[in-house]
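Participant: Take this structure, written in structure tokens, and hold onto it; I'll ask about it next.
The values are calculated or read from the model by the stated rules, or taken from the named source; none is laboratory data. Predicted model, so just to flag it, every value in this text is computed and none were measured. Note: ideal-geometry Cβ built from the backbone for every residue, glycine included; neighbour counts use all protein chains shown. For the accessible areas, the whole protein counts, side chains as well, though only heavy atoms, and no ligand, DNA or RNA atoms are used. Shrake-Rupley method; radii C 1.70, N 1.55, O 1.52, S 1.80 Å.
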Amino acid sequence: MLRLPRPALLLCYLLLLLLTAAACQHWIYQDLRAQAASQSNNLAAFLRYSIGRHATLPAKLGQSPLLQQWLAQSDITALNQYLAELQQSAGVADLYLVGNDGLVLASSNSLETTSYVGRDFGFRPYVQAALAGNSGFYYALGHTSGMRGVYYSAPLRQDATNLASAVLAVLVAKVDLEPLELQQQQIAGLKGSHFIVTGQSNEIFLSDVPEWRLTKLDNAALSSSEQPRYLTKAITPLGQTERRALLTPWQQLWQMPLGDNRQNYLAQSQQLSEFGWQLTVLTPATDAYQQLSAALLLTTLLFVILLLGWRLQRERQKRTAQLELHARQLEQRVIARTADLAASNQQLVAQIQQREQTETALAQTEQELVQAAKLATIGSLSASLNHELNQPLTALSSYSQTTVKMLDKAMYSEAKQNLHAMQQLIARLSNIVAQFKDFSRKSAGKNQPVDVNKLVLDAVGLVHHQCQRQGVKVRLQLPEAPPQVLGDPIQLEQVLVNLLTNALQAMQQQTDAALAVAVKTTDGQVQILLKDQGPGIEPHHLERIFEAFFTTKQRDGLGLGLSISQRIIQSFAGKLEVRNHPQGGAEFCVTLPLLPMEAC
Ligand code: ADP
């Protein structure tokens with residue numbers, strides 16, 4: 001977009017003003033010139049008519065036989081009267097008859113004090129021309145009146161019909177010009193314009209402005225041939241100058257003094273060749289300035305409107321460009337942000353996958369830890385298991401030997417009894433193995449209703465041989481209606497076996513010890529309480545025994561049993577707590593939500 005600096009804008013404005021002013025002035029001046037041309041034509045016609053209509057008067061008068069007659073009779077009175085009558089009817093200023101000697105013989109003003117009769121006008125060119133047999137025309141100041149006038153003359157011949165006959169006298173008609181100057185205003189419709197009629201030497205002979213009359217347009221002195229027109233009057237320069245119009249230098253302006261000022265005029269001239277004059281109409285150029293200022297005001301207004309429009313358009317384009325830029329930037333930002341988000345998303349997906357993998361690995365590890373803890377429990381029970389298995393095996397061996405001997409002695413009924421006892425022993429062995437097999441198998445990870453009484457009995461059954469080995473009595477207190485909880489029976493059994501094993505280990509040094517296992521139901525909860533008669537737990541260990549790998553057992557302990565048990569119980573929305581019983585020994589309490597009967 002084009003952006004103009006302020007000085008350039010100002011320059012444009014000034015240039016526009018100048019061009020407008022020049023064009024406007026040119027048109028105005030052209031209009032004024034056309035007006036002046038029309039005025040000039042009107043005025044020329046007026047002058048031609050007013051002056052020229054008397055041109056033939058002397059010649060026509062010369063045809064009159066009366067004049068010749070009165071001249072021949074030297075009847076001057078009749079002549080004077082006749083000329084006075086004719087002067088009145090023709091409307092000329094004076095009408096007179098000049099003799100061959102140049103003296104005025106008769107005149108229309110003979111009765112006036114300014115009478116020409118007897119005066120010598122022989123020096124006047126129009127008299128000389130007529131005496132030479134020609135018609136005469138002359139403009140000049142009146143010799144007697146001092147008034148400006150036009151003189152028409154014609155010879156009065158002896159024989160009016162014969163141009164070769166002798167000239168007896170000269171007839172002269174004088175047309176007064178000053179009344180015309182007064183009349184021309186209305187006739188020519190000059191309206192503020194002025195006019196000048198200049199003669200052969202640029203002298204102003206006629207004008208509607210009195211101070212311009214009988215002055216010269218140029219500074220040259222009047223020639224000796226022209227000076228006689230004005231008698232002894234000095235024709236001084238008017239001080240007119242010419243200059244080019246300021247904005248339209250191809251237009252010439254005349255500067256004329258008027259009163260105390262100088263005025264600028266547009267001059268429109270035409271020749272009045274029949275009089276040897278030049279008519280110039282002068283139209284004031286000052287009027288044009290008012291129209292010019294109006295045009296300039298209008299141009300300024302137009303320029304301001306254009307400028308505002310241009311600015312508005314520019315602002316609009318700028319704003320559109322800015323909006324487009326913002327939209328582009330926004331789009332790019334959105335693209336970048338979307339890319340960022342996509343990257344973050346990918347990162348999140350990767351993190352989630354990693355987390356899932358970690359969780360899977362953790363779950364696996366947890367499973368393995370549970371299994372390890374389980375195996376550790378089995379390990380701790382292995383001695384009693386060993387004993388438990390060895391005893392029936394020893395009995396089986398002894399039974400089998402005695403049975404062989406009985407068969408040898410054909411003691412079939414005793415052998416049968418032995419075989420029956422052996423069957424029971426084998427059943428017991430498989431029962432023991434099955435119990436441990438169940439305990440050691442991995443959990444299926446599915447929750448199901450679990451009979452708490454059965455759970456306790458199974459767990460106690462697993463440690464039964466250990467109890468027997470240590471001589472520990474197990475006191476069971478189970479409710480008649482077996483409570484149910486929701487959980488994994490294998491994992492719950494693992495928790496109880498772990499708690500029982502810990503209790504038995506704590507009572508290893510005791511003799512005649514007892515282990516109380518009670519199941520209670522309260523407020524929608526089931527509590528399994530295990531109370532031993534061991535040394536209890538050191539108070540400063542109470543807070544730590546549920547930590548993983550916390551153990552006080554030098555060789556056998558992994559320190560995982562309680563921490564895993566607590567997690568298992570918590571996963572079934574329960575809790576595992578411990579306290580030292582006031583009567584000695586440790587008491588563990590497993591609390592689980594009671595499964596409503598209708599859900600079982
Ligand atoms: P471990 O049996 O391998 O040591 P546990 O997590 O099962 O691991 O037990 C942590 C510790 O808690 C035991 O080392 C023991 O000091 C203490 N403890 C657990 N049960 C009893 C209990 N019935 N009487 C006294 N101390 C116990």
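Participant: Does Leu530 satisfy being over 24 Å from Gly471 (Cβ atoms) and either open to solvent by less than 20 Å² (accessible area, probe 1.4 Å) or within 60 Å of the chain's Cα centre (by Cα) (or both)? Before the answer, list the steps.
Facilitator: Numbers: over 24 Å from Gly471 (Cβ atoms): no; either open to solvent by less than 20 Å² (accessible area, probe 1.4 Å) or within 60 Å of the chain's Cα centre (by Cα) (or both): yes.
In short, no.
Participant: I've got another one for you. Of the numbered conditions (1) within 15 Å of the ligand (Cβ to nearest atom); (2) more than 21 Å from Gly379 (Cβ to Cβ), Leu504 satisfies every one except a single condition; which is it?
Facilitator: For Leu504, the failing item is (2).
Participant: Go through Leu71, Leu67, Leu83, Leu79 for me and flag whichever is assigned to a helix (DSSP H, G or I), at pLDDT below 90, in contact with a strand residue (DSSP E or B) (Cβ under 8 Å, 6 or more places away or on another chain) and surrounded by 21 or more Cβ atoms within 10 Å (Cβ to Cβ). Walk me through it before giving the result.
Facilitator: Working: Leu71 fails: surrounded by 21 or more Cβ atoms within 10 Å (Cβ to Cβ); Leu83 fails: at pLDDT below 90; Leu79 fails: at pLDDT below 90.
Checking each option against the conditions leaves just Leu67.
Participant: Being among the β-branched types (Val, Ile, Thr), more than 28 Å from Val117 (Cβ to Cβ) and either at pLDDT below 90 or part of a helix (DSSP H, G or I) (or both), is that true of even one residue in the stretch 10-20?
Facilitator: Taking the stretch 10-20 first, the residues among the β-branched types (Val, Ile, Thr) are 20.
In the following step, the residues that additionally are more than 28 Å from Val117 (Cβ to Cβ) were identified as 20.
Applying the additional criterion that residues be either at pLDDT below 90 or part of a helix (DSSP H, G or I) (or both) yields 20.
Scanning the stretch 10-20, I find at least one residue that is among the β-branched types (Val, Ile, Thr), more than 28 Å from Val117 (Cβ to Cβ) and either at pLDDT below 90 or part of a helix (DSSP H, G or I) (or both), so the answer is yes.
Participant: Also: Mind listing just one residue for me: the one in the stretch 226-245 that is β-branched (Val, Ile, Thr) and either in contact (Cβ under 8 Å) with a residue 24 or more places away in the chain or more than 13 Å from Leu214 (Cα to Cα) (or both) and, of those, most open to solvent (accessible area, probe 1.4 Å)?
Facilitator: Taking the stretch 226-245 and keeping what is β-branched (Val, Ile, Thr), we get 232, 235-236, 241.
From the residues that got through so far, the ones that are either in contact (Cβ under 8 Å) with a residue 24 or more places away in the chain or more than 13 Å from Leu214 (Cα to Cα) (or both) too are 235, 241.
Numbers: Ile235: 19, Thr241: 58 Å².
Residue satisfying both the conditions and the ranking: Thr241.
Participant: Being more than 30 Å from Ser207 (Cβ to Cβ) and touching a residue at least 24 places away in the same chain (Cβ under 8 Å) is the requirement here; does Leu10 meet it?
Facilitator: It is false that Leu10 is more than 30 Å from Ser207 (Cβ to Cβ) and touching a residue at least 24 places away in the same chain (Cβ under 8 Å).
Participant: On the given criteria, is Ser382 part of a helix (DSSP H, G or I), open to solvent by 40 Å² or more (accessible area, probe 1.4 Å) and at pLDDT below 90?
Facilitator: On the way: part of a helix (DSSP H, G or I): yes; open to solvent by 40 Å² or more (accessible area, probe 1.4 Å): yes; at pLDDT below 90: yes.
Here the answer is yes, as Ser382 does meet what is asked.
Participant: Out of Leu348, Leu396, Leu362, I need the residue that is modelled with pLDDT under 90 and not small (Gly, Ala, Ser). Which one? Before you say what the answer is, go through the steps one by one.
Facilitator: Working: Leu348 fails: modelled with pLDDT under 90; Leu396 fails: modelled with pLDDT under 90.
Going through Leu348, Leu396, Leu362 in turn, just one is modelled with pLDDT under 90 and not small (Gly, Ala, Ser): Leu362.
Participant: For the stretch 536-573, which positions are touching a strand residue (DSSP E or B) at 6+ places or on another chain (Cβ under 8 Å) and open to solvent by 70 Å² or more (accessible area, probe 1.4 Å)? Break it down stepwise before answering.
Facilitator: Within the stretch 536-573, the subset touching a strand residue (DSSP E or B) at 6+ places or on another chain (Cβ under 8 Å) is 536-537, 539, 542, 545-546, 562, 565-566, 569-570, 572-573.
Correct list: Pro539, Gln570, Ala573.
Participant: Being closer than 15 Å to Ile545 by Cβ and in contact (Cβ under 8 Å) with a residue 60 or more places away in the chain is the filter here; which residues of the stretch 586-600 pass it? Spell out the reasoning first.
Facilitator: Taking the stretch 586-600 and keeping what is closer than 15 Å to Ile545 by Cβ, we get 586-590.
Of everything in the stretch 586-600, those that are closer than 15 Å to Ile545 by Cβ and in contact (Cβ under 8 Å) with a residue 60 or more places away in the chain turn out to be Ala586, Phe588, Cys589, Val590.
Participant: Asp512: under 21 Å from Cys467 (Cα atoms), open to solvent by 50 Å² or more (accessible area, probe 1.4 Å) and away from the ligand (no atom under 14 Å from the Cβ), yes or no?
Facilitator: Numbers: under 21 Å from Cys467 (Cα atoms): yes; open to solvent by 50 Å² or more (accessible area, probe 1.4 Å): yes; away from the ligand (no atom under 14 Å from the Cβ): yes.
The answer is yes for Asp512.
Participant: Turning to a different aspect of this structure: In the stretch 411-438, what count of residues is obtained for those that are basic (Lys, Arg), modelled with pLDDT of 90 or more and touching a helix residue (DSSP H, G or I) at 6+ places or on another chain (Cβ under 6 Å)? Step through it out loud before you land on a result.
Facilitator: Initially, the stretch 411-438 is screened for residues basic (Lys, Arg), giving 416, 428, 437.
Next, from what is left, pick out any that are modelled with pLDDT of 90 or more: 416.
Now drop any that are not touching a helix residue (DSSP H, G or I) at 6+ places or on another chain (Cβ under 6 Å), which leaves none.
Going through the stretch 411-438 one residue at a time, the tally reaches 0.
Condition check ((1) assigned to a loop (DSSP other than H, G, I, E, B); (2) in contact with an Asp or Glu (Cβ under 7 Å, 6 or more places away or on another chain); (3) within 19 Å of Arg33 (Cα to Cα); (4) at pLDDT below 90) across all residues:
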{"site": "Asp218", "(1), (2), (3), (4)": "yes, no, no, no"}
{"site": "Leu222", "(1), (2), (3), (4)": "yes, yes, no, yes"}
{"site": "Thr248", "(1), (2), (3), (4)": "yes, no, yes, yes"}
{"site": "Trp254", "(1), (2), (3), (4)": "no, yes, yes, no"}
{"site": "Pro257", "(1), (2), (3), (4)": "no, no, no, no"}
{"site": "Gln270", "(1), (2), (3), (4)": "no, no, yes, no"}
{"site": "Glu274", "(1), (2), (3), (4)": "yes, no, no, no"}
{"site": "Gln278", "(1), (2), (3), (4)": "no, no, yes, no"}
{"site": "Val281", "(1), (2), (3), (4)": "no, no, yes, no"}
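Participant: Just checking, does the stretch 211-222 include any residue being open to solvent by less than 60 Å² (accessible area, probe 1.4 Å), under 23 Å from Leu266 (Cβ atoms) and hydroxyl-bearing (Ser, Thr, Tyr)?
Facilitator: The answer is yes, given that some residue of the stretch 211-222 is open to solvent by less than 60 Å² (accessible area, probe 1.4 Å), under 23 Å from Leu266 (Cβ atoms) and hydroxyl-bearing (Ser, Thr, Tyr).
Participant: Quick one: is Ser89 hydroxyl-bearing (Ser, Thr, Tyr) and open to solvent by 50 Å² or more (accessible area, probe 1.4 Å)? Before you say what the answer is, go through the steps one by one.
Facilitator: Numbers: hydroxyl-bearing (Ser, Thr, Tyr): yes; open to solvent by 50 Å² or more (accessible area, probe 1.4 Å): yes.
The answer is yes for Ser89.
Participant: Residues in the stretch 586-600 that are part of a loop (DSSP other than H, G, I, E, B) and near the ligand (Cβ under 7 Å from one of its atoms): how many?
Facilitator: Narrowing the stretch 586-600 to residues part of a loop (DSSP other than H, G, I, E, B): 595-596, 600.
Filter once more, keeping what is near the ligand (Cβ under 7 Å from one of its atoms): none.
Selection size over the stretch 586-600: 0.
Participant: Provide a single number: the residues in the stretch 146-173 that are without any contact (Cβ under 8 Å) to a residue 40 or more places away in the chain and open to solvent by 50 Å² or more (accessible area, probe 1.4 Å).
Facilitator: Going through the stretch 146-173 one residue at a time, the tally reaches 6.
Participant: Then there is this: Could you please give the count of residues in the stretch 532-572 that are within 12 Å of the ligand (Cβ to nearest atom), of a type outside the set (Asp, Glu) and within 25 Å of Ile490 (Cβ to Cβ)?
Facilitator: 18
Participant: Let me ask something additional. Do we have Ala481 as away from the ligand (no atom under 15 Å from the Cβ), open to solvent by 60 Å² or more (accessible area, probe 1.4 Å), farther than 27 Å from Asn386 by Cα and without any contact (Cβ under 8 Å) to a residue 60 or more places away in the chain here? Steps first, answer last, please.
Facilitator: On the way: away from the ligand (no atom under 15 Å from the Cβ): yes; open to solvent by 60 Å² or more (accessible area, probe 1.4 Å): yes; farther than 27 Å from Asn386 by Cα: yes; without any contact (Cβ under 8 Å) to a residue 60 or more places away in the chain: yes.
Yes.
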